[in-house]
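The values are calculated or read from the model by the stated rules, or taken from the named source; none is laboratory data. Remember, it's a predicted structure, so these values are computed and weren't measured experimentally. Every residue, glycine as well, gets a Cβ built from its backbone with ideal geometry; the counts of neighbours run over all protein chains shown.
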């Protein structure tokens, strides 16, 4: 069992432990690793095809496309779609009933 | 070459300037990282992140402080970011706060494996106890204590890095020391009595 005084001495010693820490050196390969990382990453960034098309813009574009699709899907009336198709077919003479057969 | 010209070269992205910067600062940055995160591998990862941040942000450097102060500020922030992330994973702090339980100082809950190459083997155990206690301090006290007592910086240097006044650094150090004494006293009472 330690008495209070020795504990206090130990605490004081521990609080000053920073004075006994030796200087440390970075790994000898640190610089090489770092230079590769810095200049490879930056050259990869420069090689991008659309550097202006940032992730934010990509996300915004995706949201626009999804919104447009939802709008189109909810507003698509099947009857008006059929009418439009018929009108188109009529205009171009594509209706099956209007086709004249060689055997008529 | 003057510091201004050197900074200009860094801003222009000159490879030689960055090589020089790494030569000049790699040991200092690595040492500072180790002071906050006493694990060789973790400290090296953080030091790399520091240089990446310097590389990315050098264009924003306005010269309000010296280049070294700016780099040490980035180093300190990166270390704190790392500790915050690791501690969030390691501790269930929200449970502690919910139940108001004071968790005793415990080396096993420390956020990293203790591997500091600059600490002598005979001091290893004491250093582990100290680092575990530092981990329980509020962030600003931790920064002030680590930079002053572990890293050996002066009040002025700490005030420049942390952008706080010298009296507030003194006050932070005083409170940090008091808190550490209490934490360590509890630790030794629990373990040896």
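Observations
- Some residue of region B:172-182 being modelled with pLDDT of 95 or more and away from chain A (no Cβ under 14 Å): yes
- Looking across region B:137-154 at every residue that is surrounded by fewer than 18 Cβ atoms within 10 Å (Cβ to Cβ) and over 19 Å from residue B:43 (Cα atoms), the one that is farthest from the chain's Cα centre (by Cα) is identified as B:154.
- Residue list for region B:108-128, filter: within 14 Å of chain A (Cβ to nearest Cβ) and more than 14 Å from residue B:37 (Cα to Cα): B:120, B:121, B:122, B:123, B:124, B:125, B:126
- Tally of residues being surrounded by 19 or more Cβ atoms within 10 Å (Cβ to Cβ), closer than 30 Å to residue B:125 by Cα and more than 9 Å from chain A (Cβ to nearest Cβ) across region B:14-48: 9
- Filtering region B:178-188 for residues that are part of a helix (DSSP H, G or I) and more than 25 Å from residue A:3 (Cβ to Cβ) leaves an empty set.
- When A:68, A:57, A:62 are checked against the criterion of being at pLDDT 80 or above and surrounded by 11 or more Cβ atoms within 10 Å (Cβ to Cβ), a single residue qualifies: A:57.
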